[in-house]
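Undergrad: After the structure tokens below, expect a handful of questions from me.
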Amino acid sequence: MKILVKEFQSQPFVVKASNRNIKKAIKLQLAASKIDDTQDKSMAEVSENTLAFFDEEKAFLCDVLKLNAKQADMFDDLDFKETGDVLGNVISKLLNNSQEAKVSEEPKK
């Protein structure tokens, strides 16, 4: 599938909706839900988890989009909203594509 991420390049990235990439997207969503759970955690622990999540976001995009070094460096210059928009776009396209494929493969009754 093609996913346009204008923050990194003007041409769409070709992304395979493989089980590997789908799993990476779901793992990133799980990691995001963990940083939202701040109850009974110290400020230091919350900060460490948040910093680790930034690294996970970058690793996800670098791996799934196959970013080159210059594009990977561009990730660090994105603001919080841009980062969320990019991740939301990539993850939703991956997950929606896998759901569409699943529906189209169901046998007719």
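The values are calculated or read from the model by the stated rules, or taken from the named source; none is laboratory data. From a predicted model like this one, the values you see are computed outputs, not experimental measurements. All Cβ positions, glycine included, derive from the backbone under ideal geometry; neighbour counts span all protein chains shown. Remember, those area values only see protein heavy atoms, side chains included, never the ligands or the DNA or RNA. Shrake-Rupley method; radii C 1.70, N 1.55, O 1.52, S 1.80 Å.
Undergrad: So which residues in the stretch 1-36 are open to solvent by less than 90 Å² (accessible area, probe 1.4 Å), more than 19 Å from GLU82 (Cα to Cα) and assigned to a loop (DSSP other than H, G, I, E, B), if there are any at all?
TA: MET1, VAL15, ALA17, SER18 - these are the residues of the stretch 1-36 that are open to solvent by less than 90 Å² (accessible area, probe 1.4 Å), more than 19 Å from GLU82 (Cα to Cα) and assigned to a loop (DSSP other than H, G, I, E, B).
Undergrad: Separate question: If ASN49 satisfies all but one of (1) surrounded by fewer than 15 Cβ atoms within 10 Å (Cβ to Cβ); (2) modelled with pLDDT under 90, what's the number of the condition it fails?
TA: Failing condition for ASN49: (1).
Undergrad: Given VAL46, VAL64, which one is within 19 Å of ASN97 (Cβ to Cβ) and either touching a helix residue (DSSP H, G or I) at 6+ places or on another chain (Cβ under 9 Å) or part of a helix (DSSP H, G or I) (or both)?
TA: It is VAL64.
Undergrad: In the stretch 67-88, which residues are open to solvent by less than 30 Å² (accessible area, probe 1.4 Å) and either within 20 Å of ASP36 (Cα to Cα) or part of a helix (DSSP H, G or I) (or both)?
TA: Of everything in the stretch 67-88, those that are open to solvent by less than 30 Å² (accessible area, probe 1.4 Å) and either within 20 Å of ASP36 (Cα to Cα) or part of a helix (DSSP H, G or I) (or both) turn out to be GLN71, ALA72, PHE75, THR83, VAL86, LEU87.
Undergrad: Which pairs turn up if I take residues in the stretch 8-35 that are in contact (Cβ under 8 Å) with a residue 12 or more places away in the chain and look for partners that are among the hydroxyl-bearing types (Ser, Thr, Tyr) and loosely packed, with under 12 Cβ neighbours inside 10 Å with beta carbon separation below 6 Å, at least 6 apart in sequence or on another chain?
TA: ILE35/THR50
Undergrad: I've got another one for you. Does LEU65 fit the bill of being at pLDDT below 95 and within 13 Å of VAL90 (Cβ to Cβ)?
TA: Taking the combined requirement at face value, the residue does not satisfy it.
Undergrad: Restricting to the stretch 37-71, name every residue that is of a type in the set (Lys, Arg) and either within 13 Å of LEU87 (Cα to Cα) or within 18 Å of the chain's Cα centre (by Cα) (or both).
TA: Answer for the stretch 37-71, where residues must be of a type in the set (Lys, Arg) and either within 13 Å of LEU87 (Cα to Cα) or within 18 Å of the chain's Cα centre (by Cα) (or both): LYS58, LYS66.
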